[in-house]
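Notes to accompany the following structure.
The values are calculated or read from the model by the stated rules, or taken from the named source; none is laboratory data. Keep in mind it's a predicted model, so treat the numbers as computed, not measured. Heads up, the Cβs are rebuilt from the backbone with ideal geometry, glycines too, and the neighbour counts pull from every protein chain shown.
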Amino acid sequence: NAGVMQNPRHLVRRRGQEARLRCSPVKGHSHVYWYRQLPEEGLKFMVYLQKENIIDESGMPKERFSAEFPKEGPSILRIQQVVRGDSAAYFCASSVDSSGQPQHFGDGTRLSIL
Amino acid sequence: DQQVKQNSPSLSVQEGRISILNCDYTNSMFDYFLWYKKYPAEGPTFLISISSIKDKNEDGRFTVFLNKSAKHLSLHIVPSQPGDSAVYFCAASDYQLIWGAGTKLIIKP
């Protein structure tokens with residue numbers, strides 16, 4: 001099953017450290033989306049990327065957060081100088097295009113900040 | 001502002017009966033609506049979708065109804081099975097997905 005692969009599944013960081021979350025989309029999918037889920041809430045859009053381009057980052061905090069989807073390799077969501085409020089589940093999804101095709105999700109990375 | 005709302009945090013249904021999950025939205029420009037199912041510690045799994053030009057879409061036990069004038073959609077599961085117990089999310093597509101907060105469905109044996 002070559003679905004969306006996210007790693008690590010669980011990540012523990014101390015305040016001030018950096019967190020790197022990786023996402024390999026479904027083979028053949030060139031659109032990647034990152035979402036964050038806080039407890040008891042739905043998923044919140046963060047950023048939408050196509051290969052080498054950020055299309056929409058309106059849901060991503062302007063400081064400390066960055067995302068990339070290079071020509072080769074997985075998409076990376078990077079959080080610098082993490083704080084307790086960054087603790088959440090981060091989900092990555094991919095799709096063939098943006099025309100309403102269902103987005104396929106990975107199982108998420110659970111980030112815990114000590 | 002919540003553009004997609006699922007007002008029932010949880011729903012309990014007897015096995016074999018119909019489960020009806022509801023979702024309301026505010027933006028009439030959404031062109032596609034989707035339902036996802038999520039188990040704990042897993043990512044959401046796509047269930048069924050509907051284009052804004054249709055009012056019904058059926059796939060096996062799952063049917064989604066769209067009422068554009070009321071800005072309301074619903075997911076019907078019949079008959080409900082124990083494996084249907086999960087959190088169900090409604091999402092509206094604007095190339096990004098705008099998500100409701102989810103409804104936890106519990107199927108009682």
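From the list A:R15, A:R9, the lone residue that is out of contact with any helix residue (DSSP H, G or I) (no Cβ under 6 Å at 6 or more places or on another chain), within 14 Å of chain B (Cβ to nearest Cβ) and loosely packed, with under 13 Cβ neighbours inside 10 Å is A:R9. Within region A:38-59, the residues that satisfy the criterion of being at pLDDT 90 or above, assigned to a loop (DSSP other than H, G, I, E, B) and not acidic (D, E) are A:S58, A:G59.
Counted as qualifying within region B:1-68 are the strands (runs of 3 or more DSSP E) with 2 or more residues that are over 24 Å from B:Q81 (Cβ atoms), namely B:19-25, B:62-67.
For region A:86-96, filtered to residues that are more than 9 Å from chain B (Cβ to nearest Cβ) and either aromatic (F, W, Y) or outside any strand (DSSP E or B) (or both), the residue that is surrounded by the most Cβ atoms within 10 Å (Cβ to Cβ) is A:Y90. Listed conditions (1) within 14 Å of chain B (Cβ to nearest Cβ); (2) farther than 17 Å from A:L43 by Cβ; (3) assigned to a strand (DSSP E or B); (4) charged (D, E, K, R) are all met by A:R110, apart from (2).
Please verify whether region B:19-37 includes one or more residues that are more than 19 Å from B:I98 (Cα to Cα) and more than 11 Å from every other protein chain (Cβ to nearest Cβ). Within region B:19-37, one or more residues are more than 19 Å from B:I98 (Cα to Cα) and more than 11 Å from every other protein chain (Cβ to nearest Cβ).
When B:S51 is tested against (1) within 10 Å of chain A (Cβ to nearest Cβ); (2) under 19 Å from A:F45 (Cα atoms); (3) under 15 Å from the mean Cα position of the chain (by Cα), only condition (2) is not met. Screening region A:70-84 for residues that are assigned to a loop (DSSP other than H, G, I, E, B) and either of a type outside the set (A, V, I, L, M, F, W, C) or at pLDDT below 95 (or both) and picking the one that is farthest from A:G3 (Cα to Cα) gives A:Q81. Exactly one residue out of B:L75, B:L105, B:L97 is surrounded by 18 or more Cβ atoms within 10 Å (Cβ to Cβ), assigned to a strand (DSSP E or B), in contact with a strand residue (DSSP E or B) (Cβ under 8 Å, 6 or more places away or on another chain) and within 14 Å of chain A (Cβ to nearest Cβ): that is B:L97.
Each residue in region B:9-52 was checked for being over 22 Å from A:Y33 (Cβ atoms) and at pLDDT 95 or above, and 14 pass. Residues in region A:32-47 that are aromatic (F, W, Y) and more than 9 Å from chain B (Cβ to nearest Cβ): A:W34 only. I'm trying to understand the selection: among the residues of region B:78-94, which are outside any strand (DSSP E or B), surrounded by 18 or more Cβ atoms within 10 Å (Cβ to Cβ) and of a type outside the set (G, A, S)? Correct list: B:D84 only.
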